[in-house]
Amino acid sequence: MSTVATTVDSLWEAAFAGDEHRATDVVLDAAGELGHETVLLEVIAGVQHRVGREWAANRISVAQEHAITAINDRAVTALSITRPRQQPEHGRVLVACVDGEWHALPARLLAEVLSLRGFAIDYLGAQVPTPHLITYLHRTGPDVVALSSSIATRLPVAHSTMTACQATGVPVMVGGAAFGTDGAYARRFGANAWAADARSAADMLLSRTLTAPGTPHQPVDDLPHLADQEYTLVSRSARDLVRSVYRGLEERVPAMRSYTDEQRQHTAEDLAHIVDYLATALYVDDDSLFHNFLKWTGAVLDARGVPAQVLEPALELFATQLRDFPRARRMLTQQASPLSA
């Protein structure tokens with residue numbers, strides 16, 4: 001008899017080996033015993049969580065991560081095709097990822113679970129530009145828009161997309177790792193609902209009707225600190241910041257001058273990530289968001305044999321460049337300390 005744990009191991013082995021047919025057999029066999037929803041949310045999602053952990057620990061490459069995710073996605077398709085057909089008996093839900101969000105599998109799992117529960121679903125997939133989303137919303141008239149975002153740096157876009165959808169009078173449910181484990185950012189943004197996972201989202205939509213949005217509002221209405229313009233100015237100057245800090249690092253670390261083109265590119269990308277997360281932390285005015293990013297980055301670097309302390313001179317240089325930005329400087333100077341622990 002299949003259990004969730006044994007099925008996760010079997011699917012992982014098949015996907016890791018690149019055996020799509022065996023992976024499909026695993027999920028279809030398990031669906032008969034465990035049920036489609038359990039296989040979606042505990043088996044396929046369980047394997048996907050393992051993918052993230054293995055990549056962070058430097059045990060699989062980006063290419064392997066993508067290959068396993070693709071097999072998982074095709075396994076979802078197999079489950080969708082073989083599940084019993086039923087006529088929708090509840091409302092219509094539009095499910096989409098915000099613009100710039102490529103991690104579509106969580107949104108797809110939500111769409112599949114809601115369909116299993118009897119909702120009519122419009123699933124738009126990854127990276128949906130807001131104007132196109134709004135046009136589609138007007139065309140189809142859903143009862144609820146469900147927005148997914150896994151990466152914290154997409155929070156500003158998620159916020160503006162949410163408010164644009166609400167301006168049409170449609171309630172918005174949000175979910176995904178970007179909004180925090182407790183949905184704190186969803187509440188700050190004024191979302192009509194937040195769900196920790198697909199199962200709780202489906203339970204919520206079945207148990208109550210989401211209240212229609214009130215008076216249209218702008219992001220600055222939810223986050224008054226945006227009036228200081230730090231987020232806007234840091235975001236707009238990101239490229240210049242990266243170039244300036246890169247040059248400063250070359251002076252502090254002469255060995256960088258002999259970097260290969262690939263090493264230069266990776267270093268510039270790492271600096272750009274720091275700016276992206278700093279800007280996002282400024283947007284939500286949450287030092288812990290930037291702090292947690294640095295801790296995660298330090299762990300990833302350690303797994304790759306690179307001391308986390310290499311980040312410290314970069315943070316110092318960013319702080320110097322942003323000396324006239326009190327919130328940014330506070331985040332940069334206070335967050336350097338955990339790297340030395």
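The values are calculated or read from the model by the stated rules, or taken from the named source; none is laboratory data. Since this is a predicted model, take the numbers as computed values, not measurements. So basically every Cβ, Gly included, is an ideal-geometry build from the backbone, and we count neighbours across all protein chains shown. Heads up: the accessible areas ignore ligands, DNA and RNA and are worked out on the full protein's heavy atoms, side chains in. Shrake-Rupley method; radii C 1.70, N 1.55, O 1.52, S 1.80 Å.
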Every residue in the stretch 1-44 that is surrounded by 14 or more Cβ atoms within 10 Å (Cβ to Cβ) and hydroxyl-bearing (Ser, Thr, Tyr), please. 2, 7, 10, 24, 38
So residue 163 passes all but one of these: (1) closer than 26 Å to residue 47 by Cα; (2) in contact (Cβ under 8 Å) with a residue 12 or more places away in the chain; (3) polar (S, T, N, Q). Which condition number does it fail? (1)
Taking the stretch 196-208 on its own, how many of its residues are without any contact (Cβ under 8 Å) to a residue 40 or more places away in the chain and not basic (Lys, Arg)? 5
Go through the stretch 215-252 and report how many residues are more than 26 Å from residue 310 (Cα to Cα) and either without any contact (Cβ under 8 Å) to a residue 40 or more places away in the chain or in contact with a Gly (Cβ under 6 Å, 6 or more places away or on another chain) (or both). 8
Considering only residues that are open to solvent by less than 30 Å² (accessible area, probe 1.4 Å) and not in a strand (DSSP E or B), look in the stretch 165-181 and name the one that is nearest to residue 201 (Cα to Cα). 176
Look at residue 267 and say whether it is open to solvent by less than 50 Å² (accessible area, probe 1.4 Å), of a type in the set (Ser, Thr, Tyr) and within 30 Å of residue 221 (Cβ to Cβ). no
Conditions first: (1) of a type outside the set (A, V, I, L, M, F, W, C); (2) open to solvent by 60 Å² or more (accessible area, probe 1.4 Å); (3) part of a helix (DSSP H, G or I); (4) within 22 Å of residue 128 (Cβ to Cβ). Residue 187 passes all but one, so which condition is the exception? (4)
Looking at (1) open to solvent by 50 Å² or more (accessible area, probe 1.4 Å); (2) more than 27 Å from residue 52 (Cα to Cα); (3) of a type in the set (Asp, Glu), which is the only condition residue 73 fails? (2)
Enumerate the pairs (first residue in the stretch 8-37 and farther than 21 Å from residue 113 by Cβ; second residue anywhere and in a loop (DSSP other than H, G, I, E, B) and open to solvent by 70 Å² or more (accessible area, probe 1.4 Å)) with beta-carbon separation below 7 Å, excluding pairs fewer than 6 apart on the same chain, so at least 6 apart or on different chains. none
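Matching residues to (1) free of Cβ contacts under 8 Å to residues at least 12 places away in the same chain; (2) closer than 30 Å to residue 59 by Cβ; (3) outside any helix (DSSP H, G or I):
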position: 292; (1), (2), (3): yes, yes, no
position: 306; (1), (2), (3): yes, yes, yes
position: 311; (1), (2), (3): no, yes, no
position: 315; (1), (2), (3): no, yes, no
